[in-house]
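Working notes, beginning with the structure itself.
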Amino acid sequence: MISCEHIKADYKQIFREKIMFLLFILPVILICLLKILLIITPIYIEEYLNIDVTDYHSYIISVIFLMIPSMIGTVTGFMMLDDKDGKIYELMSVTPIGRNGYLYNRLSIPIIITFIYSFLIRLVIGIASISYGTTLLISILISIQTIIIGLIMFDIADDKVKGLTYAKGLNIIMVFGLADLLNNESVIYIARLFPSYWITRLIKSPSFSNIIMSFCIHLLWLFIILGRFYKKKK
């Protein structure tokens, strides 16, 4: 179980460091900002560029969803790197809590935050006809992405400076969510191997086949990175 002391310690750590705090609250700021832009700009874009923004609503809301694991996953990675620097992970891994308990405690709060932000998007943005069921599915999937980004940073970075550099590279994965816009079969085929692509597919068409493929790709990535985590830390 997650203790109150653990929650307080995590929040103190986030509020103590400016970069982590900024990344933690940035999704809320961007959601509100995008809502304002979507109210103001479509009329001008259609008038001057002759582009109907409604044709791209699915892609816009997909990017908004994908920015959550990008930022919260980075915060999670930073927190885990702090644990690595402070030898906290090594200490917890030899206690009765073990590695499983460490992951549970470290990743539970980011997952909860990801869920909250996901439903905040549906509440505030409201530009695509996404049901609560689809929102729940997307929340689960981007929570998995949050875990993946955090664990990859913990795995490949030695400190938070390198972690920030790697986080910028990992965020490029978000681009695959827009692959359909290129209308190129080769690009789309490659994009299907990445979790971000399937968030867009679910928003556009939450069919049974897309749901199954979305979970398969996300779980494949999760199992691979968890396998590296347990193998490397033996």
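Across the chain, the relative contact order, built from alpha-carbon pairs under 8 Å that are at least six residues apart, equals 23 percent. In sequence order, the stretch 133-141 has phi-based couplings of x, 5, 4, 5, 4, 5, 4, 5, 5 Hz under the Karplus curve 6.51 cos²θ - 1.76 cosθ + 1.60, θ = phi - 60°, and Gly or Pro positions carry x.
Any idea what angle helix 208-232 forms with the longest principal axis of the chain, computed on alpha-carbon atoms, 0 to 90 degrees, nearest 10? Approximately 30 degrees, to the nearest ten.
Viscosity 0.890 mPa s, temperature 25 °C: give me the Stokes-Einstein translational D for the chain in µm²/s, with Rh taken as the Kirkwood radius over C-alpha pairs. Numbers along the way, then the final one.
Values: Rh = 18.7 Å.
The diffusion coefficient I find is 131 µm²/s.
Relative contact order of the stretch 156-217: 26 percent, from C-alpha pairs under 8 Å at least 6 residues apart in sequence. For residue 204, the accessible surface of its heavy atoms amounts to roughly 80 Å² (probe 1.4 Å, protein chains only, rounded to the nearest 10). Here the spin labels are modelled as points 7 Å beyond Cα on the Cα-Cβ line, and at residue 207 and residue 220 they lie 1.9 nm apart.
Distance from the Cα centroid of the stretch 165-196 to that of the stretch 18-90 is 16 Å (rounded to whole angstrom). Taking each residue as 0.36 nm, the span from residue 124 to residue 36 lengthens on full extension beyond its C-alpha to C-alpha distance by 30.7 nm. The listed residues 175, 53, 28, once ranked by accessible area (1.4 Å probe) with the largest placed first, stand as 175, 28, 53.
Pairs of lysine residues in the chain that meet both criteria, 8 or more places apart or on different chains and Cα atoms under 14 Å apart, total 7. Quick one: angle between helix 195-204 and the longest Cα principal axis of the chain, in degrees between 0 and 90, rounded to 10, please. Computed tilt is about 40 degrees.
Helix 98-124 versus the longest principal axis of the chain: what angle, 0 to 90°, nearest 10, using Cα atoms? Long axis of 98-124 versus the principal axis of the chain: about 20 degrees.
The values are calculated or read from the model by the stated rules, or taken from the named source; none is laboratory data. Fair warning: this is a prediction, and the values are worked out from it, not measured in the lab. Virtual Cβ from ideal backbone geometry, glycine too; neighbours counted across all protein chains shown. Ligands, DNA and RNA are excluded from the accessible area calculation, which covers all protein heavy atoms including side chains. Shrake-Rupley method; radii C 1.70, N 1.55, O 1.52, S 1.80 Å.
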